[in-house]
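Report on the structure given below.
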Amino acid sequence: MFYCGIDLSARDSHICVVDESITIHLQQKSANDLSRIASLLLPFKPHLKIVVESTFNWYWLVDGLQHLGFDVCLAHTLGLSFITKAKIKTDRRDAFSLAKLLRAGLVPKAYIYPAPTRPLRDLLRRRLRAVQMRSHEYGSLRQLLLRQGILSTSRNEIKLADDADLHRWFTHPLVRMSASQHLDRIDLLSRQVHQLEQQILDSTCNNSDYKRLLEIAGIGKILALTILYEVGEVTRFNSLRQFSSYCRLVPGVAQSGAVSRRGRSSKQGNAYLKSAFNQAAVAAVRSYPAIRRCFERHLQRHRGSARKLVAYNVIAHKLAQAVFHVLRDGADYREELLFGK
């Protein structure tokens with residue numbers, strides 16, 4: 001049996017192939033060309049396992065090798081700290097370390113998201129980025145108004161502002177030009193967000209899981225799409241606890257001897273799912289009386305400045321629980337999925 005570690009960079013890759021006794025049979029640098037890399041690995045193919053580090057550009061390599069029939073897995077960078085923090089770190093050594101990890105069965109495997117739906121997921125992430133950039137432009141325009149001593153404008157006024165408002169707010173032509181550029185960027189981003197949403201919705205309107213998610217309290221069209229495509233194949237989660245941990249909705253634990261603390265590594269997991277469930281929790285608390293009562297009960301149980309965040313996170317966790325059962329079982333949403341019988 002042979003084991004191959006590939007350290008993937010932007011323009012080239014280092015390839016290392018070892019056998020059961022960790023004897024090196026191939027150690028070579030190659031340009032990022034699929035046919036070239038495949039030709040190097042072809043002599044070992046019948047008995048070869050490959051691991052690729054999960055870098056920003058793994059799509060083409062993993063998809064291409066799988067299409068050619070190679071046995072490929074993806075290594076999660078979070079579990080490779082002994083490589084990334086090593087005193088001597090080179091691409092050559094990293095490829096060898098990956099091959100040794102694969103030989104020992106210790107590779108921290110990452111999820112290889114299905115290629116057919118990957119463009120939709122990435123498009124949703126692009127939409128979120130555009131919304132965040134637009135929000136930044138709104139904030140910058142508001143700061144410009146505050147700098148001029150204009151305190152009476154509301155958020156809605158800023159969102160509906162036009163050239164006439166700029167002439168009313170700003171007297172200096174250079175300040176007015178700066179504000180006008182903010183409006184131009186807001187208009188461009190708004191059009192891009194609308195185009196992205198329309199394209200995504202047109203591609204997903206007949207998905208049965210998407211329609212079931214829309215029935216859950218607080219989850220609208222965009223949040224339903226975000227949850228659906230960030231989760232991918234729900235069968236990869238063995239339990240609700242594992243799913244909730246992936247969504248960043250349960251705290252970690254640091255236990256040593258008689259001391260046990262919560263809150264460790266709270267940023268491990270999917271940030272997009274965390275954001276989606278938090279937004280859904282806020283909408284559900286605002287619009288659904290039963291969920292509002294649950295939120296207020298948890299609000300009363302906690303003290304301190306973070307009690308509202310904790311209460312919202314409890315609601316987000318309950319919504320994630322409902323989502324998990326709806327997607328796993330293919331069943332319609334019921335309130336019992338939130339609060340039990």
Number of positions in region 180-220 that are within 23 Å of Glu335 (Cβ to Cβ) and touching a residue at least 24 places away in the same chain (Cβ under 8 Å): 10
Identify, by number, the condition in (1) farther than 30 Å from Ala224 by Cα; (2) in a helix (DSSP H, G or I) that Thr171 doesn't meet. (2)
State yes or no: is Leu124 under 27 Å from the mean Cα position of the chain (by Cα), buried (at least 16 other Cβ atoms within 10 Å of the Cβ) and without any contact (Cβ under 8 Å) to a residue 40 or more places away in the chain? no
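Could you list all residues from region 56-81 that are assigned to a helix (DSSP H, G or I) and in contact with a helix residue (DSSP H, G or I) (Cβ under 8 Å, 6 or more places away or on another chain)? It would help to see each step written out before you state the result.
So in region 56-81, the residues assigned to a helix (DSSP H, G or I) come out as 59-67, 77-79, 81.
Tyr59, Trp60, Leu61, Asp63, Gly64, Leu65, Thr77, listed by residue number.
Residues are listed down the side, and each one gets a yes or a no for (1) surrounded by 12 or more Cβ atoms within 10 Å (Cβ to Cβ); (2) at positive phi; (3) out of contact with any Asp or Glu (no Cβ under 6 Å at 6 or more places or on another chain):
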residue	(1), (2), (3)
Cys4	yes, no, yes
Leu26	yes, no, yes
Ser39	no, no, yes
Lys49	yes, no, no
Give me the pairs, please: first residue somewhere in region 62-86 and loosely packed, with under 14 Cβ neighbours inside 10 Å, second residue anywhere and in a strand (DSSP E or B) and of a type outside the set (Gly, Ala, Ser), beta-carbon distance under 6 Å, and either six or more positions apart or on two chains. Asp71/Lys49
Suppose the filter is assigned to a loop (DSSP other than H, G, I, E, B) and surrounded by 16 or more Cβ atoms within 10 Å (Cβ to Cβ); does Tyr333 pass it? yes
Looking at Arg241, Arg248, can you tell me which residue is surrounded by 15 or more Cβ atoms within 10 Å (Cβ to Cβ) and either aliphatic (A, V, I, L, M) or free of Cβ contacts under 8 Å to residues at least 60 places away in the same chain (or both)? Arg248
Take the conditions without any contact (Cβ under 8 Å) to a residue 24 or more places away in the chain, surrounded by 12 or more Cβ atoms within 10 Å (Cβ to Cβ), part of a loop (DSSP other than H, G, I, E, B) and not charged (D, E, K, R) and apply them to Thr153. Does it pass? yes
Can you tell which of Gln279, Gln300, Gln268, Gln321 is modelled with pLDDT under 90 and outside the structural domain of Gln132 (by TED's automatic domain parsing)? Gln268
Go through region 82-98 and give me each residue that's aliphatic (A, V, I, L, M), out of contact with any helix residue (DSSP H, G or I) (no Cβ under 6 Å at 6 or more places or on another chain) and at pLDDT below 90. Ala86, Ile88
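The values are calculated or read from the model by the stated rules, or taken from the named source; none is laboratory data. In this text the structure is predicted, and so the values were computed from the model without any measurement. Reconstructed Cβ throughout: ideal geometry from the backbone, glycine too, with neighbour counts over all protein chains shown.
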